Structures are given as structure tokens and as C-alpha cells.
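Please treat every number below as a calculation from the coordinates, not as lab data. As the structure is a computational prediction, the values presented were derived from the model and not from experiment. Cβ placement follows ideal geometry from the backbone for every residue including glycine, while neighbour counts extend to all protein chains displayed.
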Amino acid sequence: MNDWVDAEHHVELAHEHYDAGRWDEAEVELRQALSLNPYQAEWQFNLGLTLEAAGRYEAASDAFVQCSKLNAEHGSPDANSTLLAGVNFIRAGKPEQAIAWLDEAEKIEPMNVAIVVHRIEALTDMERFEEAEEAFYLGQQIDPEYPELYAVMGETLQQAEHHERAVWCLREAARLDPTLPRVRAHLASAYARLGRLERARQLYIQELRVDPGDPETLLDLGELLMDMHRPTEAGEKFRRVLELFPDNADAHFSLAELAENEGRLPDALVHFDVVLRLDPDYATARTRLAKTLLQRGREEDLPRVRDLLGKELRTIEQAQKDASGIVEMKIPRIDGVAQDSQLQSASRKPQVKHDEDDLEELGRTLVEAGMLNQATRVYEMLILLSPASHKAFHGLSVSALQSGDFDAGIEAAKRSLEFRPSFVPAMHNLVLAYYRQGQYIRARYWLSQAMRHDPDDAQLRRLRLRLRVRTVFGVLTWITSKVQRVLKPVRSLITRPER
């Protein structure tokens with residue numbers, strides 16, 4: 001009896017801490033209560049809400065999973081906890097596990113359109129766009145007037161590069177619910193990708209009139225203004241974010257990019273440094289800092305550049321190992337119906353990842369820093385991600401040629417041309433490789449191919465001049481050798497001593 005009273009007391013204290021925004025203290029009290037009575041599904045649910053509010057989504061999903069299991073064991077399966085388990089798996093970057101729990105939630109409550117919304121989110125994270133679109137049509141059959149359904153489908157279509165259709169979906173979402181969070185901002189993003197920058201700017205301004213302090217909208221507007229070549233206004237938006245949220249790494253990163261574009265390298269270095277202090281795992285921050293240090297051109301910066309790039313490469317390789325080690329989760333089978341609640345505020349926290357462009361930039365920077373073996377590893381990694389990428393094979397060619405492996409460099413350059421036959425930089429590398437090997441006929445062949453695609457390229461013109469000089473020198477050498485052969489007998493007669 002005393003344990004029960006103590007557990008209830010811990011739960012009451014947890015509620016007080018939760019209401020005051022003290023998530024850590026609330027978690028401690030709830031775990032104390034659960035240690036005394038681990039079979040209370042409601043307390044597990046409260047723990048999940050607490051961890052979710054603290055941004056610890058993977059731990060929150062585990063709490064909701066436990067809640068769902070306890071409800072199922074007691075014969076009262078709950079769609080709400082099951083759905084929230086899936087939602088938090090999405091936020092934790094585990095969409096495969098999210099799908100499994102969303103399936104279970106759908107069995108309990110098949111007509112809940114919110115489940116469809118989050119299913120589209122998970123499928124989008126896995127880039128299964130066709131399945132996401134099928135889920136959207138099924139959601140329309142449940143509730144054709146559900147605004148979140150159109151909003152999430154609009155974001156999915158943007159990722160799938162179907163921007164005109166994304167505009168239609170987002171406009172429908174705004175029509176059905178003008179108060180939907182950031183709906184105008186998402187619509188602005190779609191218009192920006194269609195090239196309608198001024199319309200996008202107007203929509204961002206409309207969104208800021210509704211929520212003037214939203215950092216994501218301010219950052220998006222700032223990036224748009226950079227694309228519109230209005231750097232002063234862009235800087236104002238980024239600095240406004242820092243006034244409201246001084247530890248916002250995205251704002252510092254954007255200010256660093258702005259300073260770099262304007263040639264203010266010291267300012268760019270300061271902001272990149274701040275980004276890494278705020279978030280040591282911020283994607284591409286180490287690469288961009290290293291690239292800026294190389295641009296500064298100081299010999300004493302090289303050790304730090306190589307340290308930064310080495311850490312970035314190790315982080316990417318470790319992330320790939322972690323991703324390949326995901327184990328499928330076994331889900332308990334549960335049946336029944338429960339009420340849905342607290343789903344309208346559920347939102348997804350985007351996961352920062354390295355894409356193909358990031359890897360390509362890292363590879364180029366490694367080459368510039370003279371870290372050719374590491375650059376080769378990056379380009380091989382990029383080829384695994386995108387086997388038909390001509391840029392990946394070109395980068396591999398550059399790192400191989402600079403390390404003196406001409407055969408591998410030539411092979412990679414030719415593979416690049418298989419996927420992009422008119423790619424002049426690969427032809428340029430072939431000309432140089434054959435020239436350095438003394439294979440001048442092959443060098444002239446690839447030079448003629450490159451000049452046919454880009455006759456005004458200054459580097460190609462210089463290579464043509466070098467080949468012509470080399471050809472003239474070769475002809476003169478051949479003539480000289482022939483003359484020497486002809487003159488050798490005559491010279492021997494002239495210089496023969498008298499008997």
C-alpha cells in the first residue's frame with residue numbers, strides 16, 4: 001500500500017514538473033513511479049509525452065511502445081499510444097519501424113485519417129513516393145476535407161520534384177485550414193522551386209505576419225533572398241533568428257555562407273566555428289570550415305583542415321555502418337478500437353543527413369587538401385549511392401590521377417563519359433593523362449573531342465598549344481636525327497686520318 005501511495009506521489013510531482021516545462025525532473029519522477037509499479041500504461045504514456053516534449057524521440061517511442069503493449073495485455077488496445085509510437089519513430093529517423101507501428105494503429109482504428117498522414121511522412125522519408133501517393137488517395141476516401149492530408153502530400157511531392165502538383169496540394173491545405181502551421185511557408189517553398197521567387201517572398205511575408213518569430217520561416221525567407229541576390233535583407237533575417245534564438249546553428253551556418261559568398265572569410269570562419277560548437281555533428285559544417293580555411297591560403301591551417309576533414313569522413317562512415325545495422329522490430333499483435341488525441345500538434349523534426357552533393361563537396365575538398373586516399377574512399381562511397389553519377393567517376397578520376405595512378409584515372413574518366421558523353425572535364429583529364437604518359441596521338445584525339453563540345457574553353461586552348469609545340473618539337477627532333485644519320489658517313493670521311 002505504501003508503494004502505491006509513493007508511486008502516486010511521484011506521478012503528481014511529475015505532472016507539476018511537466019506543466020512547468022521541467023522535462024528532466026518530470027522524467028525522473030515518472031521513472032520512480034514506474035519502478036514501484038511498472039504495469040501502469042497511463043504512466044508509460046505520460047513518460048512518452050514527457051520525452052517527446054524534451055525532443056528525445058527514440059526514448060519517447062520506446063515508452064509509447066510499452067504503453068501499447070500494456071494496453072493490449074489488459075485487453076484494451078489503444079490506437080493513440082500505438083500511433084504516437086510510430087510518430088516518434090519517424091522523428092527519430094526510423095521510418096521502417098514507424099510503418100510497423102502505424103500498421104498496428106490502423107488495425108485498431110482503420111478510419112483514422114491521421115494515421116494515413118503519418119504513414120505518408122514515413123514513406124516519404126524512405127523515398128517511396130508512389131506508395132505515399134497511394135496512401136494519400138486512400139486518405140481522401142476517409143476524409144476528403146482533411147487539411148493535414150493535403151499539406152503532407154504537398155511536402156512529399158516537393159521531395160519527389162513534382163512542384164506544380166505540390167503547389168495544388170498546398171493551396172488546397174491552405175483553403176481548408178488557413179491557420180495550419182507554416183502552410184504558406186511550404187507553399188512559398190514550392191513556388192520558389194518553380195522559379196516564382198517574388199510570389200514565394202510574398203507568401204513568406206504573409207506567414208511571418210501570422211507568426212513573426214518563427215525561426216524556420218525566417219531562415220527560409222533568408223535563403224530565398226540570397227537566391228534573389230538580396231544579401232543585405234537575407235542577413236537581416238538570419239540575424240533576426242539569432243536575436244530570438246542565439247544558439248540556432250542554422251542561422252550561424254547561413255550567415256557563414258553569406259559571408260563566404262561576399263568574400264568575408266574571417267566572418268565566415270567565426271560563424272562556422274560557432275556552428276560546430278553548438279552542434280559538433282552538423283552536416284557539412286566541418287567540410288565548409290575546412291574549405292574556407294583552404295581559401296584563406298595559410299600553410300599553418302593545413303593540420304586543422306586535415307583534422308576537420310578526417311572527422312567528417314569518419315562521421316559519415318560511422319553513420320553508414322549504423323544505418324546498415326538496423327534490425328527489424330517485432331511488433332506484438334493487438335486488436336480493438338481506441339480514441340485518438342493530441343495528434344494535431346505532432347510534427348516531424350527533420351534529420352540532418354549528408355546527401356550526394358555533400359559527399360561530392362567533401363571529396364573535392366579532400367583533393368584540395370592533398371588527402372587523396374580519403375578522397376578516393378568518398379568517391380567510391382558516392383558511386384555506391386549513385387552508380388550512374390558521372391560526377392562521382394570524374395572525382396575518382398581526379399584523385400587517382402593526382403596520386404599518380406594513371407590507369408585507374410583514365411578508366412574512371414572513361415566511365416564518367418559513359419554516363420555523360422559530352423562531359424568536357426573528363427575529356428580534359430584524359431588529355432592530360434595521355435599527355436603525361438607520352439601517348440600524344442590519344443591525347444590529340446580526346447582534345448579534338450573536347451574542343452568539339454567547347455571550342456572556347458581557355459584550358460583546352462592551352463592544352464592544344466602545348467600539344468602543337470610538342471608536335472613541332474617532335475618533328476624537329478625527328479628531322480635532326482635523320483640529318484645526323486645522313487651526315488654521319490660524310491663526317492666520318494672528312495675526319496678520316498691520312499695514311
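Residues ASP220, ASP211, ASP247: which one is farther than 26 Å from GLN159 by Cβ and of a type outside the set (A, V, I, L, M, F, W, C)?
Residue meeting the stated conditions: ASP247.
In summary, THR376 fulfils each of the numbered conditions (1) more than 26 Å from the chain's Cα centre (by Cα); (2) buried (at least 20 other Cβ atoms within 10 Å of the Cβ); (3) hydroxyl-bearing (Ser, Thr, Tyr) with the single exception of condition (1).
Within the range 101-149, the only residue that satisfies the criterion of being in contact (Cβ under 8 Å) with a residue 12 or more places away in the chain, within 23 Å of GLN159 (Cα to Cα) and of a type in the set (S, T, N, Q) is THR124. Residue-level check: of (1) closer than 25 Å to HIS9 by Cα; (2) touching a residue at least 60 places away in the same chain (Cβ under 8 Å); (3) of a type in the set (A, V, I, L, M), ALA79 misses just (1).
If you take the residues of the range 243-278 that are assigned to a loop (DSSP other than H, G, I, E, B) and over 22 Å from the mean Cα position of the chain (by Cα), which of them is surrounded by the fewest Cβ atoms within 10 Å (Cβ to Cβ)? Applying the filter and picking the extreme gives GLY263.
Here's the yes/no breakdown for (1) surrounded by fewer than 18 Cβ atoms within 10 Å (Cβ to Cβ); (2) more than 16 Å from THR82 (Cβ to Cβ):
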site: ASP19; (1), (2): yes, yes
site: ARG22; (1), (2): yes, yes
site: GLU27; (1), (2): no, yes
site: LEU34; (1), (2): no, yes
site: TRP43; (1), (2): no, yes
site: LEU47; (1), (2): no, no
site: LEU51; (1), (2): no, yes
site: ALA63; (1), (2): no, no
site: GLN66; (1), (2): no, no
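Table: residues versus (1) in a helix (DSSP H, G or I); (2) aliphatic (A, V, I, L, M); (3) closer than 18 Å to ARG119 by Cα.
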| residue | (1), (2), (3) |
| --- | --- |
| GLU16 | yes, no, no |
| LEU47 | yes, yes, no |
| VAL65 | yes, yes, yes |
| SER76 | no, no, no |
| ASN80 | yes, no, yes |
| GLN97 | yes, no, yes |
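The sole residue among ASP301, ASP281 that is surrounded by 15 or more Cβ atoms within 10 Å (Cβ to Cβ), more than 27 Å from ARG193 (Cα to Cα) and touching a helix residue (DSSP H, G or I) at 6+ places or on another chain (Cβ under 7 Å) is ASP301.
Looking at THR82, is it crowded, with 16+ Cβ neighbours inside 10 Å, over 26 Å from the mean Cα position of the chain (by Cα), closer than 28 Å to PHE136 by Cβ and of a type in the set (Ser, Thr, Tyr)?
Values: crowded, with 16+ Cβ neighbours inside 10 Å: yes; over 26 Å from the mean Cα position of the chain (by Cα): yes; closer than 28 Å to PHE136 by Cβ: yes; of a type in the set (Ser, Thr, Tyr): yes.
Considered against the rule, which asks whether it is crowded, with 16+ Cβ neighbours inside 10 Å, over 26 Å from the mean Cα position of the chain (by Cα), closer than 28 Å to PHE136 by Cβ and of a type in the set (Ser, Thr, Tyr), THR82 comes out as yes.
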